[in-house]
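Take a look at the structure set out below.
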C-alpha cells in the first residue's frame, strides 16, 4: 500500500478530516525541515509552525484553507497529527501527547493576521522617494508561543 492509499485509509477510518488535512501535516513537516531545519518539535511548536506555514503559503486565504480541511483550532491539528502517529505514518517521542496542541489558537487568529497584513499592505502602498515600488509580503517572526499572543482568550 502506498502513502496516498494509507492517507486515504486514515481519513476514512477517523471520518472527521479529509485526506487533505493529513497531506497538509506532511507539507508543514517538509517546510519545517527545509525552512527551520528542525527534526522534532513539541506540539505547541508544530501548531505554531503550521500557522506560520499557512500564512506564508496561503496568505489571506489561510483561514478558508483550514476551514476546508475541517481544522478549526490547534486541537484539530493535534488530532490529525496523532491519527498519523497511531497509524504509524508519523513518529513521536514518549513525552508527546495530543494535549500539547490544546489552547494554542483557533481560527480567529487568521482574522487578526488578515487585518495586520491588510494594514501592512496599505502602508506599503504609499510610495516614497526612496522606494517608488512597494515591497509587499508577510514577514514572520518566530517567537515563543507566549510572546505571540495566539491563545483563544
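Each reported figure results from applying straightforward, stated rules to the coordinates on display, with no laboratory input. Predicted model, so just to flag it, every value in this text is computed and none were measured. Please note: Cβ atoms are built from the backbone with ideal geometry, for glycine as well, and neighbour counts cover all protein chains shown.
Using just the Cα positions, wrap segment 45-100 in a convex hull and report its mean projected area in square nanometres, one decimal place.
With every direction weighted equally, the projected area is 4.0 nm².
How would you rank 37-44, 15-22, highest first, on the average number of other Cβ atoms within 10 Å across their residues? Each step should come with its number before you reach the end.
On the way: 37-44: 14.1, 15-22: 16.5.
Packing order, densest peptide first, comes out as 15-22, 37-44.
Let me make sure I get this right: for segment 22-65, a, b and c are the square roots of the gyration tensor eigenvalues over alpha carbons, sorted descending. Under 1.5 in a/c it's rounded, otherwise prolate if a/b > b/c, else oblate. Which is it? Don't skip to the end; give the middle numbers.
Numbers: a/c = 1.85, a/b = 1.72, b/c = 1.07.
In terms of gyration-tensor shape, prolate.
Provide 1, 90 in ascending order of the number of other Cβ atoms located within 10 Å of each residue's Cβ, fewest first. Walk me through the numbers before you get to the answer.
Values: 1 7, 90 16.
Result, fewest neighbours first: 1, 90.
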#### Entry: residue 61 versus residue 112: modelled label distance in nm, points set 7 Å from Cα along the beta carbon direction
2.5
### Query
So if we plug the beta-carbon distance of residue 15 and residue 95 into 1/(1 + (r/R0)^6) with R0 = 30 Å, what FRET efficiency do we get, rounded to 0.05?
0.55
### Query
Could you give the length gained on full extension between residue 23 and residue 36, defined as 0.36 nm per residue of separation minus the Cα-Cα distance, in nm?
2.8 nm
### Query
Dividing the convex hull volume of the Cα atoms of segment 1-110 by its residue count, what figure in Å³ per residue is obtained?
95
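Fully extended, how many nm does the chain gain between residue 86 and residue 5 (0.36 nm per residue separation, minus their Cα-Cα distance)? Write out the running numbers ahead of the final one.
Working: separation 81, 0.36 × 81 = 29.16 nm, distance 1.59 nm.
Gain on extension, residue 86 to residue 5, equals 27.6 nm.
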